[in-house]
Amino acid sequence: MSYYKFDKNDVFTNTLKLFPEVKFVIYNGSSYYNSTPNISGTFTGSIRCTDPGSISLYEVNIDRSTSQAAGTIGLSKVANTGLIYPWMVKDGSRLNFRTNTQASFISSNPGDIISGSSYPYTASISKELYLAATPRYVSPVIAASSASGDDPTILSNGSVSHLLALKNTIDYYRYLSPHFIYSSSAKDISAGRHNRDFDSMDLGLVSIPSIFYGSQIKKGTVNLEFYFTGSLIARAQDTNRNGELIQTYGVGSTTNDVVGLVLYNEGFLILTGAVALLSDGADVYTSAGSDNPKWIYVAQSISGSITAPNSAFVMQMSGTSNTQVLTMFATAPKGELNHSNNPTYLEATASNMLYISTGSSGYIESDQRPIKNVVSSAYADPTGSFEKTTYISKIGIYDRNKNLIGLAKVATPIKKTVERDFTFKIKLDI
């Protein structure tokens, strides 16, 4: 086997900046990611154990269900739940899963099996609707100190809404547009300032996990479409590439108005358009009853038990993915790599058995065995002039200790003669 060391000009590392397209179709309580259908399996109704609008991390538990559970697995007596799940044996390393409490870890004995949550881990978009009366912050309830001087008791914990948690982020982007103001009492509408407060107005919040778009949403690619009874009634796009969602199609006075905001780095859509898109149509967007279509109701059918049967929504955008690519050039020089240890490299006829002798005392193989002539000729006999020929089908990548760490294969074996040299371009995403 021949080894060749990569020169400094044979190895390159560069970055590919890609913009994968992302599309969600939302209808009747379900979302569909990039037109992915719901494929049924032999044991489950969904072969990926998740709905079509979700991404399954690692894609484990393919076509598995709890109905396949039976007994234990292996000598460790790991419970067979029918699903793949992480587990470990408690020992002196004090390793534990984050989903398990410290109390349960302490109560277990050395040698016990500690299990984590079952796969698959999934990610999907979500929608929250904030009406004017919806509290953005819930204060904790704390009992007053008693006469005996005991410390106050927390009766219930408080909570902060996702919208309020984004307040500083929204205000940070005000250099892009005056619409990025969480709360403003300014009256000068002509100057682009708005007398509004996100804590006391109707709006919608769409959350998009980063696994769908990568490092950030590409500016200028967000496209929202609102369908009612099968017809497109409105479209909003970030045509200015500054985070403003502007209605570019529709009826009524809201066309060319800013109906929402995009947080490109954080993956949120804030829908502020609360003007009715239709006056002669209504759908069930909340538990309170029917209402006219509005931008704040985009993707509302995945927010809970609401299905909004007359409405459908399409969300399109492009993500940003930076992929490190390692490029290696492996050269097969002239006059080298023209011998093979493959038995088919030598002549294989019945008479060649005379070149091999074996017995109880040893094994002898002649070093004069002829090499097979594979040079083509226009005649069956004689063949063409002999020329040492090999075929390269694999290229092995080794570390400094000559451990095989990678293997590249070509689609068709490459014919290598003494007069030929080849350079193979090997690319690997890292």
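Could you check how many residues of the range 171-185 are among the aromatic types (Phe, Trp, Tyr) and crowded, with 17+ Cβ neighbours inside 10 Å?
Start the filter on the range 171-185 by keeping residues that are among the aromatic types (Phe, Trp, Tyr), which leaves 172-173, 175, 180, 182.
With crowded, with 17+ Cβ neighbours inside 10 Å added as a condition, the list becomes 173, 180, 182.
Residues flagged as among the aromatic types (Phe, Trp, Tyr) and crowded, with 17+ Cβ neighbours inside 10 Å within the range 171-185 amount to 3.
Could you give me the residue pairs with C-beta distances under 6 Å whose first residue belongs to the range 303-320 and is more than 15 Å from Leu271 (Cβ to Cβ), whose second residue is among the hydroxyl-bearing types (Ser, Thr, Tyr) wherever it lies, and which are 6+ apart or on separate chains?
Thr307/Ser301; Asn310/Thr229; Ala312/Tyr27; Ala312/Tyr227; Ser318/Thr221; Gly319/Tyr213; Thr320/Ser215
For every residue, the table says whether it meets (1) under 30 Å from Gly273 (Cα atoms); (2) touching a Pro at 6+ places or on another chain (Cβ under 8 Å).
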residue: Asn109; (1), (2): no, no
residue: Leu131; (1), (2): yes, no
residue: Ala143; (1), (2): no, yes
residue: Pro152; (1), (2): no, no
residue: Val160; (1), (2): yes, no
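Can you list the strands (runs of 3 or more DSSP E) found entirely within the range 254-297 that contain at least 1 residues being charged (D, E, K, R)?
283-286, 289-291
State whether the residues of the range 103-113 include one that is touching a strand residue (DSSP E or B) at 6+ places or on another chain (Cβ under 6 Å) and either outside the structural domain of Ala288 (by TED's automatic domain parsing) or more than 30 Å from Gly29 (Cβ to Cβ) (or both).
Yes: one or more hits.
Return the pair list, or none, for Cβ contacts closer than 7 Å from residues in the range 154-183 that are without any contact (Cβ under 8 Å) to a residue 24 or more places away in the chain and within 21 Å of Tyr130 (Cα to Cα) to residues that are assigned to a helix (DSSP H, G or I) and of a type in the set (A, V, I, L, M), at least 6 apart or on different chains.
Tyr182/Ile170
Looking at Thr134, is it among the β-branched types (Val, Ile, Thr), surrounded by 14 or more Cβ atoms within 10 Å (Cβ to Cβ), out of contact with any His (no Cβ under 7 Å at 6 or more places or on another chain) and modelled with pLDDT of 85 or more? Quick ask: steps written out before the conclusion?
Details: among the β-branched types (Val, Ile, Thr): yes; surrounded by 14 or more Cβ atoms within 10 Å (Cβ to Cβ): yes; out of contact with any His (no Cβ under 7 Å at 6 or more places or on another chain): yes; modelled with pLDDT of 85 or more: yes.
Answer is yes for this residue.
Those residues that are within 32 Å of the chain's Cα centre (by Cα) and surrounded by fewer than 22 Cβ atoms within 10 Å (Cβ to Cβ), I need them from the range 250-271; list them, please.
Residues satisfying the conditions are Val258, Leu263, Asn265, Glu266, Gly267, Phe268.
Consider only pairs whose beta carbons are under 7 Å apart and that are at least six residues apart or on different chains; among these, list those whose first residue lies in the range 285-300 and is under 16 Å from Met315 (Cβ atoms) and whose second residue is assigned to a strand (DSSP E or B) and hydroxyl-bearing (Ser, Thr, Tyr).
Pro293/Ser311; Tyr297/Tyr285; Gln300/Tyr285
Answer yes if at least one residue in the range 277-296 is of a type in the set (A, V, I, L, M, F, W, C) and within 27 Å of the chain's Cα centre (by Cα), and no otherwise. Walk me through it before giving the result.
Here is the first cut: in the range 277-296, the residues of a type in the set (A, V, I, L, M, F, W, C) are 277-278, 282, 284, 288, 295-296.
Subset that is within 27 Å of the chain's Cα centre (by Cα): none.
No, the range 277-296 has no match at all.
So in the range 382-430, with the set limited to residues that are exposed (fewer than 10 other Cβ atoms within 10 Å of the Cβ) and acidic (Asp, Glu), which one is farthest from Thr15 (Cα to Cα)?
Among those that are exposed (fewer than 10 other Cβ atoms within 10 Å of the Cβ) and acidic (Asp, Glu), it is Glu419.
If you scan the range 298-320, which residues turn out to be in a loop (DSSP other than H, G, I, E, B) and β-branched (Val, Ile, Thr)?
Val298, Ile306, Thr307 - these are the residues of the range 298-320 that are in a loop (DSSP other than H, G, I, E, B) and β-branched (Val, Ile, Thr).
Taking strands (runs of 3 or more DSSP E) that do not extend beyond the range 1-113, which have at least 2 residues that are exposed (fewer than 11 other Cβ atoms within 10 Å of the Cβ) and either on the phi < 0 side of the Ramachandran plot or under 28 Å from the mean Cα position of the chain (by Cα) (or both)?
Once the strands (runs of 3 or more DSSP E) in the range 1-113 are filtered for at least 2 residues that are exposed (fewer than 11 other Cβ atoms within 10 Å of the Cβ) and either on the phi < 0 side of the Ramachandran plot or under 28 Å from the mean Cα position of the chain (by Cα) (or both), what remains is 11-18.
Suppose we keep only residues that are part of a helix (DSSP H, G or I) and at pLDDT 90 or above within the range 168-200. Which one would you say is nearest to Tyr137 (Cα to Cα)?
Asn168
Being within 25 Å of Ile113 (Cβ to Cβ), among the aliphatic types (A, V, I, L, M) and touching a residue at least 24 places away in the same chain (Cβ under 8 Å) is the filter here, so list the residues in the range 46-83 that pass it.
Leu57, Val60, Val78, Ala79, Leu83
Cβ-Cβ distance below 6 Å, separation of 6 or more or different chains: which pairs start in the range 98-126 with a residue that is more than 17 Å from Arg48 (Cβ to Cβ) and end on one that is among the charged types (D, E, K, R)?
Ser108/Lys90; Pro110/Lys90; Asp112/Lys90; Ile114/Lys90
Look through Ala147, Ala165 and report the one residue that is at pLDDT below 80 and of a type outside the set (Phe, Trp, Tyr).
On inspection, the qualifying residue turns out to be Ala147.
Can you find even one residue in the range 80-92 that is under 19 Å from Pro209 (Cβ atoms) and touching a strand residue (DSSP E or B) at 6+ places or on another chain (Cβ under 7 Å)?
No.
Is it true that some residue in the range 355-370 is assigned to a strand (DSSP E or B), at pLDDT below 75 and either within 20 Å of Thr417 (Cα to Cα) or not acidic (Asp, Glu) (or both)?
The initial filter retains those residues of the range 355-370 that are assigned to a strand (DSSP E or B), namely 356-359, 362-365.
Those left that are additionally at pLDDT below 75: 356-357, 365.
In the following step, the residues that additionally are either within 20 Å of Thr417 (Cα to Cα) or not acidic (Asp, Glu) (or both) were identified as 356-357.
Within the range 355-370 (the criterion being assigned to a strand (DSSP E or B), at pLDDT below 75 and either within 20 Å of Thr417 (Cα to Cα) or not acidic (Asp, Glu) (or both)), the answer is yes, since at least one residue qualifies.
The values are calculated or read from the model by the stated rules, or taken from the named source; none is laboratory data. A quick note: this is a predicted structure, and the numbers were derived from the prediction, not measured. Cβ sites come from the backbone with ideal geometry, for glycine too, and all protein chains shown count toward neighbours.
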